[in-house]
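The structure under discussion appears below in the form of structure tokens.
The values are calculated or read from the model by the stated rules, or taken from the named source; none is laboratory data. Model, not experiment: these values are computed from the prediction. Cβ atoms come from the backbone with ideal geometry, glycine included; neighbour counts cover every protein chain shown. These accessible areas exclude ligands, DNA and RNA; they are computed on the full protein's heavy atoms, side chains included. Shrake-Rupley method; radii C 1.70, N 1.55, O 1.52, S 1.80 Å.
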Amino acid sequence: MYQEERLKKILEYLNCSNNLSVHEICKMFDISRDTARRDIVKLVEEGTVMRTHGGITLPGLINTIRDYRQRLEAHSEEKRKISEKALMYIKDNEHYFFDVSTTVSYLAKELNKNVTVFTHSLDNIEILSENKAVTVHCIGGCLNKENRFFFDIDCKSSLNGIHFDAAFIGAAAITEDGIYYANHEDAFIKQISAKQSDKVILLADFEKYGKTAYYKGLDWDQIDVIITDCVPPSLYVDIIKSNNIELIIIE
């Protein structure tokens, strides 16, 4: 197949799926990674696609997620109140997953129980290292310096043998289709942790509704509780009700 034919099919696929990895392009056309990269360079030069981590997307799907430190400062009072409300789900001697979310980092600061916490968040590890009541396990690997989380390709096998009483998870974007994130690896860890948990508790402020990000971490039917700072838009209230999710609005 000539390059022009491949480029046309790549754009047709993107119109349906929004993003495409180098690996998927290689598999789709049975070509080498070098050939796939040349195709990507051509499309980028023409301005028809944009590069992402590990692949490409259409220009309309631009990730507007701010970096970690900026997000930490945004809506800090609301995040603190959300984390305080989340404490009601934490009991002594239980095991929990703490997400890399900035809101969950506030929960780490508020934690006041004798518990065991598993996390891939550098900040959660730093915060909880000062808490003598908490046993901390790092889901290790390579450090994503921008968003401050660890990831290892073998994390699935290590997490599969762990049962969590609850997983506390944040959100980059909340859509009709589910909960999305900026990093594929981060979303992957959330997917595994949610499956290993008796209860999945989403901590998310109002601004996350209707945003856009690249990678789905959770479907609506995986969520048990949402703690947020304002009543969500009516569309999302209907989705929450239809999935029997407990909705908690902070005062």
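Would you confirm, using the coordinates I've provided, whether VAL225 is without any contact (Cβ under 8 Å) to a residue 40 or more places away in the chain and hydrophobic (A, V, I, L, M, F, W, C)?
It is false that VAL225 is without any contact (Cβ under 8 Å) to a residue 40 or more places away in the chain and hydrophobic (A, V, I, L, M, F, W, C).
Which residues, taken from the range 73-92, are modelled with pLDDT under 90 and open to solvent by 50 Å² or more (accessible area, probe 1.4 Å)?
Result: GLU73, HIS75, GLU77, GLU78, ARG80.
Is there any pair linking a residue in the range 206-221 that is without any contact (Cβ under 8 Å) to a residue 12 or more places away in the chain and more than 11 Å from ASP186 (Cβ to Cβ) to one that is outside any helix (DSSP H, G or I) and of a type in the set (A, V, I, L, M, F, W, C), with Cβ under 9 Å and at least six apart or on different chains, and which?
none
Mind checking whether some residue in the range 44-62 is open to solvent by 40 Å² or more (accessible area, probe 1.4 Å) and at pLDDT below 60?
Checked against the condition, which is being open to solvent by 40 Å² or more (accessible area, probe 1.4 Å) and at pLDDT below 60, the range 44-62 yields at least one hit.
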